[in-house]
1. 5 Å is the cut-off here: which amide hydrogens, built 1.01 Å from N in the peptide plane, fall below it relative to Asp247, excluding neighbours closer than 5 in sequence?
2. For the cross-link pairs Lys65/Lys101; Lys75/Lys101; Lys68/Lys185; Lys29/Lys68, which exceed 21 Å when the distance is taken from alpha carbon to alpha carbon?
3. Around Thr63, what is the net charge, scoring Lys/Arg as +1 and Asp/Glu as -1 over all other residues with Cβ under 14 Å from its Cβ?
4. Using modelled backbone amide H atoms (1.01 Å from N, in-plane), which distant-in-sequence or interchain residues come within less than 5 Å of Asn240's amide H?
Amino acid sequence: IVTISVALNPQSVRAHDSASDNYSAEDKKHDEVNASKCRALSDGFHHLDDGAACFSGDISADTIKAPKNAIDEGKVTTLYINSLGGVTTAAMELGRSIYAKNVTLVLHEACFSSYANYLAPAAHDLVVQKSTIYGLHGSVFRSRSDFARSEPALYELPAGSPEWFAIIKETYAKYPEFYKKQVVKEGLYFAEIRVSEQYVTRYFEINRNKWLYDNGKCGEIPPIALMIGPQYLEEFYYGNILEFDWDVEAIKANPLFDEIFKPTYSIVFDNNLFPTMTPERGEIDPLECFSFIKK
């Protein structure tokens, strides 16, 4: 994969610190120590001290109860999160509390899927630690045709066959209800936390559908994860980026990297604000199928 390294200087302050207090070396060390403590604990929600807490593992209606209640009651000001994702509606519910209470999020190990889509942009202040897998893989389907293409059975049949058309017709019939329950809810959520919906749709409604589904493919149904860099966040995230210690090699060394990506996902490493949107295609590789580079 072709990447271009960038550096980002800490640019803002914690909401609960004085206006002149930047994210210092002491702050960074403190967050590293707490993140290490969190990794030693089991999945779930755990209080640390001084308003800090850990939240890791799958996100669901049940797992968000404890962190949401603690945040709503003002008992948590900094939350250390580590997860590969979970239920979108639960993530949005927790995200609303994070946004309303100006919570600082410290991302460590992994912030993927629903966590990256909905929790991270809700933070008042954000720290992304080195080697964190910060990956998006798209919003809920915004068109009927994309929704239909998500049906695995479609790819087990010859395109254009009567059975193929029957599945298309069936999925098309389901889409209005899906739109009401998922797409509208997602749009309202981003409006509430004052983040552009393009945060999750810009690449994935344009690039994924146009290039991955229509131009060559990385397998029959090629899911893709966008490993985002600081410039991408700077455009769409309106809170304070206290630290974004983004490093491709450190991410690849993360033990979770192979677990997440090799079996399932193709990867785009992006640390350019807006690439050309033209994928460079060489020999097809299940892991490194497309790479976006700035010309």
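1. The list, which skips near neighbours in sequence, is Ser131.
2. Beyond 21 Å between Cα atoms: Lys29/Lys68.
3. Neighbour charge sum, excluding Thr63 itself: -2.
4. Asp125, Leu126
Values quoted throughout were computed directly from the atomic coordinates according to the rules given, and no laboratory measurement underlies them. Note that the structure is predicted; figures quoted are calculated from it, not measured. For neighbour counting, all protein chains shown are included, and Cβ atoms are generated from backbone atoms with ideal geometry for every residue, glycine included.
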